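The values are calculated or read from the model by the stated rules, or taken from the named source; none is laboratory data. Remember, it's a predicted structure, so these values are computed and weren't measured experimentally. Quick reminder, even Gly has a Cβ in these numbers, built from the backbone with ideal geometry, and neighbours come from all protein chains shown.
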Amino acid sequence: MSGYMGKILRVDLSTGSLVDEPLNEDYARSFVGGSGLAARYLYDLAELDSDPLDPHAPMIFMTGPMVGTPMASAGRYSIGALSPLTGIWGESNGGGFFGPELKFAGYDGIVITGRAEKPAWLSIVSGEPQIHDASDIWGLGSYATQARIREKLRDPKARVACIGPAGEHMVRMAAVMNDHGRAAARTGMGALMGSKNLKAVAVRGRAKVPVADPDGFKQVLRDINAFLKEDMASQSLRMAGTASYVDLALLYGDMPIRYYKQGEWDGGNRLSGVLMVEGYQNRIAACYRCPIACGRETRAPGYGLEKVDGPEYETLGSLGSLLMIDDMEAVIYAGHLCNLYGMDTISVGVTIGLAMEMFEGGIISAADTGGLEIRYGDAEIVHKLIGLIARREGFGAVLAEGSASLAERFGVPEMAVTVNRLEVPMHDPRAFAGMAVSYALSPRGACHMEGDMYGVDMGQVPASEIGIIPGDRFDTSKEKGRIAARHQAWRNLYNALTICQFMNPGVPLILRAVNAVTNWGLEAEDLLVLGKRLMTLKRMINLRRGVTRENDRLPEILMKPLTGGTEGHVPDVEALLRGAYEEYGWDPETGIPTEETLSALGLDFLQ
């Protein structure tokens, strides 16, 4: 199969078994790769009513057909599993070089089950897998772990995906870290690795990814790269990373402030990407074959750090504006601590924000927190809490369970700003109404990478050929819901190919690239069908995990109007969802895909 290595590694940590398995070609053709192909394998392998941390539960690393080719911005990989944080379908995506190197090592993916008797790490070097004792690296932070394993392999170019102390302690927000500070961060995949006693996966190889039409692929790559050189959004990301969006986000009211409850804040301007570049940036950094290079290396000399990864926009929001912290250096350091321990900055920041809101409202007190005064604007307490969460010490053990659990513990479940127990990212649906669909119907819980409608309505995602059309950001019509559903399907396809969502050359160029690699002979409308198939498969997994139409909602706090950039608007979630259900072919009363839809999408096995 062009675009694929044709092989999956099956790992049973309980027995130490390592078995090569041919890639299921029918699955790959129908579910592509990345999170889509991982979901298809999980459907076969998982007991869908089991505990996500059950040793038998599978954890699936998966690449896609574009990964490891010369395709621009195709250096990603996905992890799929039942989420330890949300209890439903979990997926996390990481950039850097790990995904391509896994293919160079000879594999499209790794399916891991079981639990090692003692800490272990897995290596795959040129098609040869091996399980190693990790007792001497258990307890190390993510940076030291990556360095130590490269030393053990005697190869500085080995790529390592690992957990830090947060994963070892099964913190529900734990991330899988790779390539220094790159993170497959959301839904607690690091906790799943920790539950399996798996410290790291290291890969290295020199295999080549087969391409069906090399000459045609070279031509479309020239066209894509020419587009990216002229694309304003791509150039903005190159100049200041995702932090370049801060000023615009504040103008639109898109950047959450004071736990999503405040519409304006002068302090937000001190978190500007321009100020970060001028005062703290060392250099830019790129993932595999990425001409955009949105990564940042910064510094925090006040904390003794001359080299720090990030921060990105989500970190500046979740550990900055959301907590009323306007000290750029303090936010850089907070993000670094999350990388070091291996945690999702979004979930960590939102959970700490909830604790601040509860402390201010008298719902919790110093008697509950072990004497800690958890107040807005206190960077020092945030730094302390990050360490406590990672080690599950004191009140940190309570926060380590996530926002939904914290709110339930103290009798205020309505205060959790989550969808299906996943913390809402740093894009407010009151600023871009289409995000209501992205959050409410995202298969992994609230997620801006399952449909960045703010990008659509700002004209940064050219995809009119498949009905994704920019419009009024406050529009909450049924048709807007349909557009949001199409875009969500489009991004699910991105996460299956798997390519970076910052690379948006348009449908015709993506179509040409996919066909040149795979020789599938797809038409534009086929891309949308693939995306809807992936969304519907994940929906069916979640329905069997207990999700109902009642779960398709936004938290109460996001349904209250604010002054400022949102101009008092609140999305009509029901109208938007009606359009989205119609677009997907899901029953509008139950949210369940109809039998006709399952049949049309080739998902009859789910009936």
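Pairing each residue of the range 313-330 that is assigned by TED's automatic domain parsing to the domain that holds Ile381 and farther than 13 Å from Ile386 by Cβ with any residue that is assigned to a helix (DSSP H, G or I) and charged (D, E, K, R), provided the two are 6+ apart or on different chains, yields C-beta distances under 7 Å for Asp326/Arg270; Met328/Arg270. Within the range 315-353, being closer than 20 Å to Glu264 by Cβ and among the charged types (D, E, K, R) holds for Asp326, Asp327. Checking the structure you have, find out if any residue of the range 515-531 is of a type in the set (Phe, Trp, Tyr) and touching a helix residue (DSSP H, G or I) at 6+ places or on another chain (Cβ under 6 Å). So far as the range 515-531 goes, no, none of its residues is of a type in the set (Phe, Trp, Tyr) and touching a helix residue (DSSP H, G or I) at 6+ places or on another chain (Cβ under 6 Å). Every condition in (1) among the basic types (Lys, Arg); (2) in contact with a His (Cβ under 7 Å, 6 or more places away or on another chain); (3) free of Cβ contacts under 8 Å to residues at least 12 places away in the same chain is met by Arg392 except one, and the failing one is (3). Looking at Gly190, Gly216, Gly194, just one residue is within 28 Å of Thr298 (Cα to Cα), assigned to a helix (DSSP H, G or I) and at pLDDT 95 or above, and that residue is Gly190. Among residues of the range 589-607 that are in contact (Cβ under 8 Å) with a residue 60 or more places away in the chain and within 14 Å of Lys532 (Cα to Cα), those with a beta-carbon under 9 Å from a residue that is assigned to a loop (DSSP other than H, G, I, E, B) and hydrophobic (A, V, I, L, M, F, W, C) at least six positions away or on a different chain give the pairs Thr597/Leu603. Please verify whether Asp26 is of a type in the set (D, E, K, R), outside the structural domain of Trp520 (by TED's automatic domain parsing), over 23 Å from Ala600 (Cβ atoms) and more than 18 Å from the chain's Cα centre (by Cα), treating the condition exactly as stated. Judged against the criteria, Asp26 is not a match.
Screening Tyr333, Tyr303, Tyr280 for residues that are among the hydroxyl-bearing types (Ser, Thr, Tyr) and surrounded by 22 or more Cβ atoms within 10 Å (Cβ to Cβ) leaves exactly one candidate, Tyr333. Of Leu85, Leu140, Leu122, all but one fail to be out of contact with any Lys or Arg (no Cβ under 8 Å at 6 or more places or on another chain), among the aliphatic types (A, V, I, L, M) and either under 28 Å from Ser50 (Cα atoms) or in a loop (DSSP other than H, G, I, E, B) (or both); the exception is Leu122.
In the range 262-293, the qualifying residues are those that are in contact with a Lys or Arg (Cβ under 8 Å, 6 or more places away or on another chain) and assigned to a loop (DSSP other than H, G, I, E, B), and the one that is nearest to Ser321 (Cα to Cα) is Trp265. Among the residues of the range 364-394, count how many are assigned to a loop (DSSP other than H, G, I, E, B) and closer than 22 Å to Gly164 by Cα. Summing the residues that are assigned to a loop (DSSP other than H, G, I, E, B) and closer than 22 Å to Gly164 by Cα in the range 364-394 gives 3.
Of all the listed residues (Gly602, Gly546, Gly591), the sole one being at positive phi, surrounded by 21 or more Cβ atoms within 10 Å (Cβ to Cβ) and assigned by TED's automatic domain parsing to the domain that holds Arg482 is Gly591. From the list Leu543, Leu558, Leu511, the one residue that fits, being closer than 30 Å to Cys290 by Cα and either of a type in the set (A, V, I, L, M, F, W, C) or outside any helix (DSSP H, G or I) (or both), is Leu511. Return yes or no: is Asn225 buried (at least 16 other Cβ atoms within 10 Å of the Cβ) and either among the aliphatic types (A, V, I, L, M) or within 27 Å of the chain's Cα centre (by Cα) (or both)? The answer is no for Asn225. Is at least one residue of the range 185-204 more than 22 Å from Gly90 (Cα to Cα) and free of Cβ contacts under 8 Å to residues at least 24 places away in the same chain? Scanning the range 185-204, I find no residue that is more than 22 Å from Gly90 (Cα to Cα) and free of Cβ contacts under 8 Å to residues at least 24 places away in the same chain, so the answer is no. Take the conditions (1) without any contact (Cβ under 8 Å) to a residue 60 or more places away in the chain; (2) farther than 19 Å from Met66 by Cβ; (3) part of a helix (DSSP H, G or I); Asp472 misses just one of them, which is (3). With the structure loaded, tell me whether Arg238 is in the same structural domain as Arg296 (by TED's automatic domain parsing), more than 16 Å from the chain's Cα centre (by Cα) and within 20 Å of Asp309 (Cβ to Cβ) or whether it fails that test. Judged against the criteria, Arg238 is a match. Criterion applied to Glu583, Glu567, Glu574 was being in a helix (DSSP H, G or I), surrounded by fewer than 17 Cβ atoms within 10 Å (Cβ to Cβ) and at pLDDT 95 or above, and the one residue passing it is Glu574.
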